[in-house]
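These notes concern the structure reproduced below.
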Amino acid sequence: KNLFSSDYFPVSFSFPSNWEIMNDTTLNMVHVLSPTSDQDFFQEMVNIVVGATSDRELDEFFELNLKMIQGMFEELNQTEKPSYETINGVKYKKVRYNYLFAGLPLTAQLYVTIKDDKSFIVNCSALQNTFDDYAKEFENIVNSLEIK
């Protein structure tokens with residue numbers, strides 16, 4: 001496993017050694033991407049976005065974020081009710097949904113939290129028919145997430 005840590009992003013986490021990291025400091029986002037192969041051209045990914053909360057509480061921030069996502073994608077439907085999970089002492093609100101992106105049927109597991117004056121949005125996405133194959137790797141990445 002590799003460890004991601006950065007002076008720029010206030011997070012650290014471990015990720016599979018054959019996955020790659022892309023930092024986007026313009027969008028305040030870290031992408032953790034699975035390797036591609038001839039059989040699998042789609043890069044499964046975990047995106048972590050660090051933003052502002054605009055002084056909102058977690059539930060309100062979560063709802064606004066979900067509304068934004070619903071406006072962005074076609075045929076978006078939640079496949080579970082939102083729930084809470086505590087990861088390394090931080091309370092997250094999470095939900096899973098299916099949607100179409102560029103014609104591809106995807107599944108995403110979304111985690112949202114607020115710490116101090118920052119928001120953290122973690123989105124794990126894969127093709128609907130392979131999401132379960134990657135669920136363990138997604139969970140390992142998310143469960144190793146530390147907010148600094």
Those residues of region 111-122 which are free of Cβ contacts under 8 Å to residues at least 40 places away in the same chain and assigned to a strand (DSSP E or B), in sequence order:
TYR111, LYS115
Strands (runs of 3 or more DSSP E) enclosed by region 1-110 - at least 1 residues per element that are of a type in the set (A, V, I, L, M) and within 22 Å of LYS148 (Cα to Cα)
2-5, 11-15, 20-24, 29-33, 45-52, 83-87, 90-101
So which of ASN28, ASN77, ASN65, ASN47 ends up being modelled with pLDDT of 95 or more, under 18 Å from the mean Cα position of the chain (by Cα) and either of a type outside the set (Val, Ile, Thr) or open to solvent by less than 30 Å² (accessible area, probe 1.4 Å) (or both)?
ASN47
Within region 107-133, tally of residues that are hydroxyl-bearing (Ser, Thr, Tyr), farther than 15 Å from PHE9 by Cβ and modelled with pLDDT of 95 or more
3
By residue number, the members of region 80-98 that are more than 19 Å from ASN140 (Cα to Cα) and over 15 Å from the mean Cα position of the chain (by Cα) are GLU80, LYS81
Residues that are within 20 Å of ASN2 (Cβ to Cβ), aliphatic (A, V, I, L, M) and assigned to a loop (DSSP other than H, G, I, E, B): does region 123-146 have at least one?
yes
Residues within region 80-114 that are hydrophobic (A, V, I, L, M, F, W, C) and open to solvent by 60 Å² or more (accessible area, probe 1.4 Å), tallied:
2
Could you check how many residues of region 45-62 are touching a strand residue (DSSP E or B) at 6+ places or on another chain (Cβ under 8 Å) and among the polar types (S, T, N, Q)?
2
Candidates SER34, SER54, filtered to the one that is surrounded by 14 or more Cβ atoms within 10 Å (Cβ to Cβ) and among the small types (Gly, Ala, Ser)
SER34
Pairs under 6 Å by beta carbon, first residue over 14 Å from GLN128 (Cα atoms) in region 75-92, partner open to solvent by 60 Å² or more (accessible area, probe 1.4 Å) and hydrophobic (A, V, I, L, M, F, W, C), six or more apart or different chains?
none
Looking only at region 115-145, how many residues end up being open to solvent by less than 10 Å² (accessible area, probe 1.4 Å), out of contact with any Pro (no Cβ under 9 Å at 6 or more places or on another chain) and farther than 13 Å from SER34 by Cβ?
4
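The values are calculated or read from the model by the stated rules, or taken from the named source; none is laboratory data. Because the structure is predicted, anything quoted here is derived from the model rather than measured. Quick reminder, even Gly has a Cβ in these numbers, built from the backbone with ideal geometry, and neighbours come from all protein chains shown. For accessibility, only protein heavy atoms count, side chains too; no ligands or nucleic acids. Shrake-Rupley method; radii C 1.70, N 1.55, O 1.52, S 1.80 Å.
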